[in-house]
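Take a look at the structure below.
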Amino acid sequence: MDLLCPWCFIEKHSLDALMQRYTEEHPEVRFEVAYKPYYIAQTMAKRNVEKRSVYDRLNNLYPNFLSRIQVTGAKYDIAFSIRGLTGSTRPAHRLIALALHELGAAAQSRVVETLFQGHFEDGRDISDEGWLISVGVAAGMPEAVVRLGLEDEDAARRVDAMAEAARDVIGVEAVPCVMVQGRYKVGGYQESQVFESLFEKIRQAGEAF
């Protein structure tokens with residue numbers, strides 16, 4: 001998952017809705033989701049990149065890219081409004097990893113949602129350290145812990161290593177990419193029916209979620 005990827009934001013909303021419905025239909029099923037880093041723009045400047053230029057470039061490479069994400073996002077109450085500045089996603093990924101370590105999976109998901117929403121809907125800059133700190137504090141972490149986590153070079157290297165492992169070990173070539181039970185890899189944006197079929201396969205086989 002990378003915060004520059006609009007399809008990752010859409011996939012998150014699609015999966016969140018599916019998992020809620022699926023657990024209501026099958027109360028014995030429990031999901032726990034962990035978000036892992038992947039860098040889709042490793043050479044991007046650390047900060048002060050015009051956000052619109054990034055997505056206009058994608059629109060030139062993939063015709064109707066912007067209209068497709070706007071139409072698909074609207075199905076999940078996402079109002080894409082790409083404006084403002086951006087930069088490297090590395091610090092934001094450190095915050096996401098810190099949230100998982102300090103607060104657990106549910107809180108990490110809320111942090112990811114806030115960052116996606118800020119980047120794609122509210123014109124926020126995901127390379128803005130001040131904003132990242134405020135997101136971490138709002139999630140329930142002490143400010144000192146968030147600051148230390150963002151400044152910790154060892155933590156940064158661990159996050160970079162996870163991103164490299166996603167590409168070199170797991171074989172992730174693009175995002176979104178969802179791993180279910182560490183065994184089933186679903187690459188690219190997929191409609192919820194694909195995941196529901198996979199969940200049914202796992203449940204009927206008696207495998208633990």
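Please treat every number below as a calculation from the coordinates, not as lab data. Since we're looking at a predicted model, the values are computed, not measured. Methodologically, a virtual Cβ is constructed for each residue, glycine included, from the backbone with ideal geometry; neighbour enumeration extends over all protein chains shown.
Observations
- Residues GLU173 and GLU32, FRET efficiency given R0 of 35 Å [Cβ-Cβ distance, rounded to 0.05]: 0.90
- The value of relative contact order for the stretch 34-86, using C-alpha pairs under 8 Å at least six residues apart, is 47 percent.
- Backbone amide hydrogens, once placed in the peptide plane, bring LEU85 within less than 5 Å of LYS51, excluding anything fewer than 5 places away on its chain.
- Assuming charge only on the beta carbon of Lys and Arg (+1) and of Asp and Glu (-1), the dipole of the chain about its Cα centre is about 420 debye to the nearest 20.
- Backbone N within the stretch 93-110 under 14 Å of label point (7 Å from TRP131 Cα along the Cβ vector): 93
- Option label - Cα extents along the principal axes in Å computed here, alternatives [x] 49, 42, 32; [y] 56, 35, 33; [z] 50, 38, 36: [x]
- Remark: LEU61, LEU100, LEU95 ranked as LEU61, LEU100, LEU95, counting other beta-carbon atoms within 10 Å and listing the fewest first.
- Just so you know, the Cα atoms of the stretch 1-74 work out to an Rg and Dmax of 16.1, 47 Å.
- Cβ screening of the chain for cysteine pairs under 4.7 Å finds these without a partner: CYS177.
- Taking other C-beta atoms within 10 Å as the exposure proxy, LEU148, LEU98 rank LEU148, LEU98 from fewest upward.
- Furthest towards positive pole of dipole, GLY123, TYR76, ALA106, structure part the stretch 66-183, Cβ charges: TYR76
- Entry note, the chain: relative contact order of 27 percent, from Cα contacts under 8 Å with a spacing of 6+ residues.
- Under-29-angstrom lysine pairs by C-alpha in the chain, whenever the two are 8 or more apart or on separate chains: 15
- Label-to-label distance, nm, for residues given as ALA105 and ARG203 (7 Å Cα→Cβ offset): 1.6
- In terms of surrounding Cβ atoms within a 10 Å radius of their Cβ, VAL159, VAL71 rank from fewest to most as VAL71, VAL159.
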